[in-house]
Amino acid sequence: MSRKNDLIPLCTGDFLYAFMMYIVIRIILIDKKSIQIAIISLLICYTIEFSQLYHANWINELRNTLLGRYTLGQGFLWTDIFAYTCGSFSAFYIERIILKRASNQVSE
């Protein structure tokens, strides 16, 4: 929606993508520390973003499909890196706050 609606900032989709990536990695690697999950999710997002600098025919054709466009993106932007960082660390801090409150309730 951020690509089609001027009222929603363009970086919102990238922020939410990184937030989602954190949650998916958390579900897969449940026993890892929160900071490890944040780093892994950021590395995945950064890798996808930097891969957009690679323009071989086969990957460009893949990017022209709906799934390829949503998964691999279209073009490299430094603002996307910033949005990914904010999204991953927002998820990290929200998880920390939730876990802290849960541990405080258990100890009471």
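Of all residues in the range 45-95, those being surrounded by 13 or more Cβ atoms within 10 Å (Cβ to Cβ) and in contact (Cβ under 8 Å) with a residue 40 or more places away in the chain number 14. Just a yes or no: is a residue in the range 49-69 in contact with a Ser or Thr (Cβ under 8 Å, 6 or more places away or on another chain) and under 15 Å from A18 (Cβ atoms)? Among the residues of the range 49-69, not one is in contact with a Ser or Thr (Cβ under 8 Å, 6 or more places away or on another chain) and under 15 Å from A18 (Cβ atoms), which makes the answer no. The listed residues are I44, I37, and the only one of them that is over 16 Å from L16 (Cβ atoms) and at pLDDT 95 or above turns out to be I37. Residues that are acidic (D, E) and farther than 17 Å from G87 by Cα within the range 13-67 comprise D31, E61, listed in sequence order. Against the criterion of being modelled with pLDDT under 95 and basic (K, R), R26 does not qualify. Residues that are touching a Gly at 6+ places or on another chain (Cβ under 8 Å) and surrounded by 12 or more Cβ atoms within 10 Å (Cβ to Cβ) do not occur anywhere in the range 33-40. Annotation: of all residues in the range 5-32 being surrounded by fewer than 18 Cβ atoms within 10 Å (Cβ to Cβ), under 16 Å from R96 (Cα atoms) and among the charged types (D, E, K, R), the one that is farthest from the chain's Cα centre (by Cα) is D31.
Taken over the range 25-48, the criterion of being in contact with a Ser or Thr (Cβ under 8 Å, 6 or more places away or on another chain) and among the aliphatic types (A, V, I, L, M) is satisfied by I25, A38, L42, I48. Taking the range 59-85 as the range and being within 18 Å of the chain's Cα centre (by Cα), more than 13 Å from Y46 (Cβ to Cβ) and polar (S, T, N, Q) as the test, the residues that pass are T71, Q74, T79.
The values are calculated or read from the model by the stated rules, or taken from the named source; none is laboratory data. It should be emphasised that the depicted structure is a prediction, and the values quoted were computed from it without experimental measurement. In this analysis, Cβ positions are derived from the backbone assuming ideal geometry, glycine residues included, and neighbour counts consider all displayed protein chains.
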